[in-house]
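Before any comments, here is the structure.
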Amino acid sequence: MTVLERTRAPKTTRRSGTRRGPSPLGSKWTPYLFLAPAALFILVFQAVPLAQEVYLSFTRTTLLNPTRSQWVGLDNYDRIFGDPDFRHTLLITFVYVIACVVGAVGSGLVVALLLNKGFRGRGVARALVTVPWAAPGIAVALIATWMLNAQYGIVNRFLDAVGLGVPGGAILDSPRYALPAVLATTIWQLFPFTSVVLLSALQAVPQDLNEAATVDGAGRWATFRAVTWQVIKPTVGLLAVLMTIWSLRRFELIWLMTKGGPVGATETLVIDLYSQAFDSKELGSAAAIGMVGVVISLIVITGSRLVARAVEKEDVR
Amino acid sequence: MSRNRTRLGIAGATALGLVAALLTGCGSDGDAGGGVTKLTFAASTFGDPGRGPKLTAWLDEFNKSQDKVQVSAAAVPYPTFGQTVLTQMGSGQGPDLVRFDMPEFEAAADAGLIAPLDKLVDVSKYDLIKQPDQFMVHDGVRHGIIFEASNYAMFYNADLIPTPPTTYDQFFSTAKSLTKGDVYGLAFRQTEAEEAGVWQDIFNYVYGFGGAWSDGKNLTINSPENLKGLQAYKDLYDANVIPRGADAATFRRMFAEGKVGMELNNGGYVTATRGQNPNLKFSVAPIPFPVRKQGAILAPIVINEASEAKEEAATFIRWALEPQNQIKLQEILGASSVATTTQRSAEALEETPFLTVFDELTESSLPQIVLGFEAKTPDIRKVVVQNVIAALQGKVDLKSALDRAQQQATELVS
């Protein structure tokens, strides 16, 4: 309503001007009309499916007969939480998300700091860094799979040459090496985004503060901690939240590289959800797994908001 | 003010109407004009490099012979075929005609997604091959007609292996002696990404060593015979005589290029192998395991229960069953059999002398389903394959893996 009041023309002008019919833009319903398409979109494509998923999670519904569902209460939740494989999936999800956030933000920060320095060819380097982010996820997954191929993959050949070859050669089929390989590919694709965002944040750091710190005798690390970090901290926080949510939702890269295998070594929540829905054809269990994902995402968002608020209060003090 | 409200109301209603039209404006295309019914026939074989184009040409012959029905091919890749088509059919959509593999066929028949054929196709008119055809009928109701029946045998590179092995020990030692540099003695599927393919491969080891997935009433996944067969499979994996991590598409190309000495494969791949390398000198022999029992790819053609043109779809099946069309289909499919008994031509036998090897295996070949638990086969398959791969990867010993699979699968079917 405040916005509405502000956008209204002063009454005096209207009185003094030519007499016209009331403008529809001046109505109290105008904001609602503008909001309606977005609200309708969210209602139809977000709220209704979410409500349907909540309902599905309390039913036994199969993919082969989705219209015939049977209400089973909390059975699906009971079953998934009682399943040690699901607990393993949660652990893998946790490891994957944390590693992605730390890896992508950490490597992005290092690259951003390097790109923030003056050197010959900096423009070209900045452009090249964005390439992995611009590449489609499916292409990245297929290239990575080919590079890691046991027979022809360049990574395997290199590891063999330096005496670090995986026994049998099949990195993506090894429960020990599959997750690190998927993580390396994910981080390779993500770090350009974090580095570009952090680079723009770094460019907002006042140079005079850095110079003042140097004059005061602060070393590089102390300057970074006292000046640079304070400026880029909110950006890092935002990136961490974004990376967490994106990593929780990431499907195509993991699915194309390993399908969650071998032996569940790369099975995250979304992969498990997909397997339940389309391999096991159990839509009810899949919906329950989806709800667990929704709850985790909500916890992450709420937690990050609380942390951000606490940090803001700390800064004000 | 009331005029203003009216304008706003009209604008709002128009906006809502536009959104509603956008949301609902994806109606079905229905039948084509001119009284011609257009049908879709989904099969993974349409995408085969060797057979796909020939099958499409075979469909064209049907289309030329009809003025009221037209069938178009829908090639869905094999690894995702069952999942894609079953998802469509479960929601009341999907192709009119489908060429299924047995596990998906059983699941779809059990869920009522396949139209009964008894009233649509009079099978008494045709000389159907009994062994594979018996699996097309459930509780007295016919759900499919065999489109392709393909027995498993041992493909071997005749340049590398002048005399094929006839025992498992010979098989093992041949694989081992051939493996050198970038040449492997053997190849089979061993990754979770190829679950359906691993199931097809281990089926030969289980049944070839006297085992079975069930006795018809109870699951027998962890029986001593199964353990023996799967131990043989694991021994070959552990011996590093296979290109580990290579998927079927990769190792079949390697076989065609002379980089793999042997593989257990079905007759359907004779044409595809020749298509990849016409100069490859290869032959086929029965799988050299202790018991002469092996898997067979039985691929029924079915009519989608949700199809609005069942009678027209049956027209196509009746056309396909006519003797001259069965012979043409047989020639396209190569070493596979079709629904009816057909005579192989002298030219075909001269070109591919080992066709008789496949034909002689028909009586000892079994569809890759769990007898007595047919509709649950995809679920049991997932459990078994996951546990066997866990044993291959050294996460658990094979016996414990099979015990776990037995327990999990029993819970699934109970």
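Looking at B:ALA272, B:ALA306, B:ALA285, B:ALA314, just one residue is among the aliphatic types (A, V, I, L, M), assigned by TED's automatic domain parsing to the domain that holds B:VAL241 and farther than 22 Å from B:ALA57 by Cβ, and that residue is B:ALA285. Count of the range B:188-228 residues, restricted to those that are at pLDDT 95 or above, surrounded by fewer than 24 Cβ atoms within 10 Å (Cβ to Cβ) and small (Gly, Ala, Ser), is 5.
Tally up the residues in the range B:86-102 that are of a type in the set (A, V, I, L, M, F, W, C) and either free of Cβ contacts under 8 Å to residues at least 24 places away in the same chain or within 11 Å of another protein chain (Cβ to nearest Cβ) (or both), please. It would help to see each step written out before you state the result.
Let us first name the residues in the range B:86-102 that are of a type in the set (A, V, I, L, M, F, W, C), namely B:86, B:89, B:97-98, B:100, B:102.
Narrowing the set further to residues that are either free of Cβ contacts under 8 Å to residues at least 24 places away in the same chain or within 11 Å of another protein chain (Cβ to nearest Cβ) (or both) leaves B:86, B:89.
Total meeting the criteria: 2.
For A:GLN276, are the conditions met, namely being among the polar types (S, T, N, Q), surrounded by fewer than 19 Cβ atoms within 10 Å (Cβ to Cβ) and on the phi < 0 side of the Ramachandran plot? Judged against the criteria, A:GLN276 is not a match. The residues listed here are A:GLY103, A:GLY108, A:GLY165; of these, the one that is touching a Leu at 6+ places or on another chain (Cβ under 8 Å) and outside any helix (DSSP H, G or I) is A:GLY165. The strands (runs of 3 or more DSSP E) found wholly in the range B:252-307 and carrying at least 3 residues that are surrounded by 19 or more Cβ atoms within 10 Å (Cβ to Cβ) and at negative phi occupy B:260-266, B:294-303. Checking the stated criteria, A:LEU159 turns out to be surrounded by 12 or more Cβ atoms within 10 Å (Cβ to Cβ) and touching a helix residue (DSSP H, G or I) at 6+ places or on another chain (Cβ under 9 Å).
For the range B:209-244, residues that are part of a helix (DSSP H, G or I) and not aromatic (Phe, Trp, Tyr) total 13.
Residues of the range B:159-208 that are over 21 Å from B:GLN386 (Cβ atoms), within 14 Å of chain A (Cβ to nearest Cβ), in contact (Cβ under 8 Å) with a residue 12 or more places away in the chain and part of a loop (DSSP other than H, G, I, E, B): B:THR179, B:ASP182.
Checked against (1) of a type in the set (A, V, I, L, M, F, W, C); (2) outside any strand (DSSP E or B); (3) out of contact with any Leu (no Cβ under 6 Å at 6 or more places or on another chain), B:PHE155 passes all but a single condition, namely (2). Total residues in the range A:260-317 satisfying the condition of being more than 24 Å from B:ALA193 (Cα to Cα) and of a type in the set (Ser, Thr, Tyr): the figure is 3.
Taken over the range B:137-164, residues that are touching a Pro at 6+ places or on another chain (Cβ under 8 Å) and surrounded by 23 or more Cβ atoms within 10 Å (Cβ to Cβ) amount to 8. State whether the residues of the range A:242-252 include one that is of a type outside the set (Lys, Arg), buried (at least 22 other Cβ atoms within 10 Å of the Cβ), within 14 Å of chain B (Cβ to nearest Cβ) and assigned to a helix (DSSP H, G or I). No, there is no match, as no residue in the range A:242-252 is of a type outside the set (Lys, Arg), buried (at least 22 other Cβ atoms within 10 Å of the Cβ), within 14 Å of chain B (Cβ to nearest Cβ) and assigned to a helix (DSSP H, G or I). Counting only helices (runs of 4 or more DSSP H) wholly contained in the range B:322-414, the ones carrying 2 or more residues that are away from every other protein chain (no Cβ under 13 Å) and crowded, with 17+ Cβ neighbours inside 10 Å occupy B:323-333, B:355-360, B:398-413.
The values are calculated or read from the model by the stated rules, or taken from the named source; none is laboratory data. Since the model is a prediction, treat every value here as computed from it, not as a measurement. All Cβ positions, glycine included, derive from the backbone under ideal geometry; neighbour counts span all protein chains shown.
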